[in-house]
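Comments concern the structure below.
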Amino acid sequence: MSASGGTAARGRPVELVDVEMQFGDFLAVERTSLDIRAGEFFSILGPSGCGKTTILRMISGFIEPTAGRVLIGGEDMAGRGPNARPTALIFQNLALFPLMSVAENVAFGLEARGMSKARRRDRAEELLALVGLAGQGGKKPSEMSGGQRQRVAIARALAVEPAVLLLDEPLSALDLKLRQHMRAELKQIQRQTGVTFVFITHDQGEALMMSDRIAVMRRGRVEQIGTADEIYARPATPFVATFVGENNVFRGKVTGLDADTAEIASPFGPLRGRPGGRLAVGDEAMLFVRPERMRFANGTIPDAALPAELLRRDLEGSFVTLMFAAGGEPIRVQLANGEADSAAEPGSRHTIGFAAADARVLPAGGLAEG
Amino acid sequence: MTARPLGDIPPIGLGAAPAATPRRRRPSAGIGGFATFRRAYGGGIAALALLLCAFWLVVMIVLPQAMMLEQSLWSRQSAGDVSLRIDRAYTEIDLLRFDLQAAPAAEKPAMEEKVAALEAEIATLEAQEKEPPKVYGLQNYTRMSGLHFYIFVKTILYALLVTLLSLVVCYPVAYMIAHVAKPAKAAVLLLCLTVPYAINELLRVYAWLMILDYQGVINGFLQTIGLVSFEQKTWIPFLESPAAVFVAMVYAYVLFMVFPILNALQTLDRNQIEAAQDLGASTPRTHWRVIIPHAKPGIAVGCIMTFMLSVGSYSVPQIMTRGLSGDWFSQLVYRQFFVSNDWNVGAAYSFALLIVCIVFIFAVMRLFGVGIRDIAK
């Protein structure tokens, strides 16, 4: 990939200040504030219908928020249509113009800006080179593969030199292998161009891998904003804990609470973990432990010890997933392949547990309905 | 028809429209097509369908056109000359008979022979006068008078203008219904467009007559606000202008333009429009570069239908002009057939019109860069 298309960092920050979006009776986005930094790869992660696309459309200007303000580079975007904003959107289905050649597609934004034909052609060729499609401008989009079309869409969006690139699940139509490849490529293009990327996805793996920061959304509300590590290690709500990555869940009332330990009374007896969110003694709470944090309690009894029967052992290559049943509840344990306990036989009984520092106790409120 | 389900054989009819996948190739017509058809529906039904298609093609389309073409290529030799010769022969016979009374006996047989010869000639001439011989040639086409040719050209120009007007009116309407209006409103709009078509075309045209007449709705309104007066006949003579015909025609054929364009526009992915806007294109540019190119096949079909309907329309100009603002060619054709009773010239005129229509179809397809297959969609 040539560096010719890369220019100095030109990303701008995007601020959503108390925005709200109401469609008739339906509140698509509750009062939300987001602060997306210049040149950042920012993902909005959530299940379908959570309002993430609505936020994207508010930033791009296709809809105006019913309340609040959208600022890009400090400028209020109120009343400015999508063609007057320094943003470019990559659609889920890419929306390439099928009747135009690839080069015409890429140059379309420049044509709209009145650039001369010759300069347009040069610039389109430059951008196609940036995305690894040098010399293919004469083709029709229909003559290209899915991955190539993806790159054309990226080149077309970058052609207008946007300060913010908005991506609406553009990888969801690709097969797994291509998707993984395009993730790396998108990340590289983002670094190279310095453009602020706002990436919408329902795929947590995608968000974790690519993003500088992630906002996890549910039902029109942002549940947590943070780096991938923060989101994964310290989920703020039960929803984030279950939506991002896998988690074992234990329910119970809070019986003890101090600054760094919370204890709940679970059917397995008292369990302890790090407290998160607003907890009070007597509240219904949930304790989450990642499968890879679960251990066999051989001698060194951790903070919790659960007698369980091994139901199934799935070898997944570098690691092994063990499916246990403890008191009727399924528990997943993930161990590195080759670790001492990873060869346990299905049907055998074990005591499994986890360290309190690896568990997270969160107020249960709200998850039951979702 | 009872189709026999036979596994997953694709339902291929004769001249079936291309299936959902846009790039799938059309099933090859002819023997192969018929074989698939027979396999899917059985020999009896396949044969019946083929027979009906052939009947339709030959009896409804080819034969009448062929007869028209044949009719247009000959005329009866003018009878004027023959009648004169018959009259002359009768006079000569009368003279000979008169001379015969005083003629010498020796000359009588020769004169009587002459009379007999003349009588024989009269008989053949009279037969000829009754049934003049056909003369084949292009005379029906080439003998069009200057006035008729003027009307011919004028009608084509008018029909083009009506087509253009319809396009200008219908494209925004179709676009509104397809992409701007909310679904419920779009349905109402569509209903409003369709409802007038439940009424007879003549009544719709008469409605326009009543609106545009000297003492019609518009002039009535103008009188109410004091701009014209019926007593002083200062009304605006809308009907004396060809525009009256245009208005009624655009109204009469609006659906034939709206629906093809609407169909084409409805297949346009909304994201395409949004993508163009997002990339900074103004509304006109979005239409010019993205929406209109997509709607081209629909526009082509709409233009072809509207042009053919308006260039051949008889009732609209007949009712709207009432002879006040010049004939359309279709009226001339009618008069050749039913007033002059000259089917040969009538056939030639209508055939000329058909040729214009065919030329128009190819011109439009060329202009919009669409093929028959795009149009069939």
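The values are calculated or read from the model by the stated rules, or taken from the named source; none is laboratory data. From a predicted model like this one, the values you see are computed outputs, not experimental measurements. Reconstructed Cβ throughout: ideal geometry from the backbone, glycine too, with neighbour counts over all protein chains shown. Calculation scope for accessible area: heavy atoms of the full protein, side chains included, ligands and nucleic acids excluded. Shrake-Rupley method; radii C 1.70, N 1.55, O 1.52, S 1.80 Å.
One residue stands out among those in region B:336-376 that are surrounded by fewer than 16 Cβ atoms within 10 Å (Cβ to Cβ) and among the charged types (D, E, K, R): the one that is nearest to B:Pro242 (Cα to Cα), which is B:Arg366.
In the set (1) within 26 Å of the chain's Cα centre (by Cα); (2) open to solvent by less than 50 Å² (accessible area, probe 1.4 Å); (3) more than 14 Å from chain B (Cβ to nearest Cβ), A:Glu64 fails one condition alone, (2).
To keep it simple, each residue is scored yes or no on (1) at pLDDT 90 or above; (2) outside any helix (DSSP H, G or I); (3) within 26 Å of B:Trp74 (Cα to Cα).
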{"residue": "B:Pro104", "(1), (2), (3)": "no, yes, no"}
{"residue": "B:Leu125", "(1), (2), (3)": "no, no, yes"}
{"residue": "B:Phe149", "(1), (2), (3)": "yes, no, yes"}
{"residue": "B:Lys154", "(1), (2), (3)": "yes, no, no"}
{"residue": "B:Leu165", "(1), (2), (3)": "yes, no, no"}
{"residue": "B:Val173", "(1), (2), (3)": "yes, no, no"}
{"residue": "B:Ile177", "(1), (2), (3)": "yes, no, no"}
{"residue": "B:Val188", "(1), (2), (3)": "yes, no, no"}
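For region A:255-264, check the following and say yes or no: at least one residue is among the polar types (S, T, N, Q) and surrounded by 18 or more Cβ atoms within 10 Å (Cβ to Cβ).
No; the residues of region A:255-264 include none that is among the polar types (S, T, N, Q) and surrounded by 18 or more Cβ atoms within 10 Å (Cβ to Cβ).
The residues in region B:133-147 that are under 12 Å from B:Tyr349 (Cβ atoms), outside any loop (DSSP other than H, G, I, E, B) and open to solvent by 30 Å² or more (accessible area, probe 1.4 Å) can be counted, and the count is 1.
Could you go through region A:287-297 and let me know if any residue there is out of contact with any helix residue (DSSP H, G or I) (no Cβ under 8 Å at 6 or more places or on another chain) and free of Cβ contacts under 8 Å to residues at least 40 places away in the same chain. Checked region A:287-297: no residue is out of contact with any helix residue (DSSP H, G or I) (no Cβ under 8 Å at 6 or more places or on another chain) and free of Cβ contacts under 8 Å to residues at least 40 places away in the same chain.
Being of a type in the set (A, V, I, L, M) and over 25 Å from A:Ala228 (Cβ atoms) holds for only one residue in A:Leu335, A:Leu310, A:Leu287, and it is A:Leu310. Among the residues of region A:306-321, those identified as touching a residue at least 24 places away in the same chain (Cβ under 8 Å) and either open to solvent by less than 10 Å² (accessible area, probe 1.4 Å) or not assigned by TED's automatic domain parsing to the domain that holds A:Asp341 (or both) are A:Leu306, A:Ala308, A:Leu310, A:Thr321.
In region A:115-129, of all residues being among the aliphatic types (A, V, I, L, M) and surrounded by 13 or more Cβ atoms within 10 Å (Cβ to Cβ), the one that is farthest from the other protein chains (Cβ to nearest Cβ) corresponds to A:Ala129. Kindly evaluate B:Leu164 against the criterion of being surrounded by fewer than 17 Cβ atoms within 10 Å (Cβ to Cβ) and over 19 Å from the mean Cα position of the chain (by Cα). Here the answer is no, as B:Leu164 does not meet what is asked.
Quick check on region A:187-196. Is at least one of its residues open to solvent by less than 20 Å² (accessible area, probe 1.4 Å), under 28 Å from A:Ala28 (Cα atoms) and assigned by TED's automatic domain parsing to the domain that holds A:Arg37? Yes, the conditions are met somewhere in region A:187-196.
Of everything listed in (1) of a type outside the set (D, E, K, R); (2) exposed (fewer than 15 other Cβ atoms within 10 Å of the Cβ); (3) within 17 Å of A:Leu89 (Cβ to Cβ), the single unmet condition for A:Leu167 is (2).
Checked against (1) out of contact with any strand residue (DSSP E or B) (no Cβ under 8 Å at 6 or more places or on another chain); (2) at pLDDT below 90; (3) within 14 Å of another protein chain (Cβ to nearest Cβ), A:Asp175 passes all but condition (3). When the residues of region A:85-114 are narrowed to those that are in a helix (DSSP H, G or I), at the interface with another protein chain (Cβ under 8 Å from one of its Cβ atoms) and at pLDDT 90 or above, which ends up nearest to the chain's Cα centre (by Cα)? Per the stated criteria, the residue is A:Gly109.
Of the residues making up region B:285-298, those that are more than 9 Å from chain A (Cβ to nearest Cβ) and open to solvent by less than 10 Å² (accessible area, probe 1.4 Å) are B:Ile291, B:Ala295, B:Gly298.
Any residue at all in region A:142-164 that's within 14 Å of A:Ala95 (Cα to Cα), assigned to a helix (DSSP H, G or I) and open to solvent by 60 Å² or more (accessible area, probe 1.4 Å)? Within region A:142-164, one or more residues are within 14 Å of A:Ala95 (Cα to Cα), assigned to a helix (DSSP H, G or I) and open to solvent by 60 Å² or more (accessible area, probe 1.4 Å). Pick from region B:250-268 the residues that are open to solvent by 40 Å² or more (accessible area, probe 1.4 Å) and not hydrophobic (A, V, I, L, M, F, W, C): which of them is farthest from the other protein chains (Cβ to nearest Cβ)? Checked region B:250-268; the qualifying residue farthest from the other protein chains (Cβ to nearest Cβ) is B:Tyr251. Scanning region A:228-236 turns up one or more residues that are open to solvent by 10 Å² or more (accessible area, probe 1.4 Å), under 10 Å from the mean Cα position of the chain (by Cα), closer than 22 Å to A:Arg37 by Cβ and not assigned by TED's automatic domain parsing to the domain that holds A:Asp358. Restricting region B:302-327 to residues that are open to solvent by 30 Å² or more (accessible area, probe 1.4 Å), of a type outside the set (Gly, Ala, Ser) and closer than 25 Å to B:Met365 by Cβ, the residue that is farthest from the other protein chains (Cβ to nearest Cβ) is B:Leu309.
Is it the case, given these coordinates, that A:Leu174 is of a type in the set (A, V, I, L, M, F, W, C) and either touching a residue at least 40 places away in the same chain (Cβ under 8 Å) or surrounded by 19 or more Cβ atoms within 10 Å (Cβ to Cβ) (or both)?
Values: of a type in the set (A, V, I, L, M, F, W, C): yes; either touching a residue at least 40 places away in the same chain (Cβ under 8 Å) or surrounded by 19 or more Cβ atoms within 10 Å (Cβ to Cβ) (or both): no.
No, not satisfied.
Among the candidates B:Ile156, B:Ile122, the residue that is closer than 23 Å to B:Ile358 by Cα, touching a helix residue (DSSP H, G or I) at 6+ places or on another chain (Cβ under 7 Å), hydrophobic (A, V, I, L, M, F, W, C) and open to solvent by less than 40 Å² (accessible area, probe 1.4 Å) is uniquely B:Ile156.
Residues that are of a type outside the set (Asp, Glu) and surrounded by 18 or more Cβ atoms within 10 Å (Cβ to Cβ) were ranked within region B:269-284; the one that is farthest from the other protein chains (Cβ to nearest Cβ) is B:Ile273.
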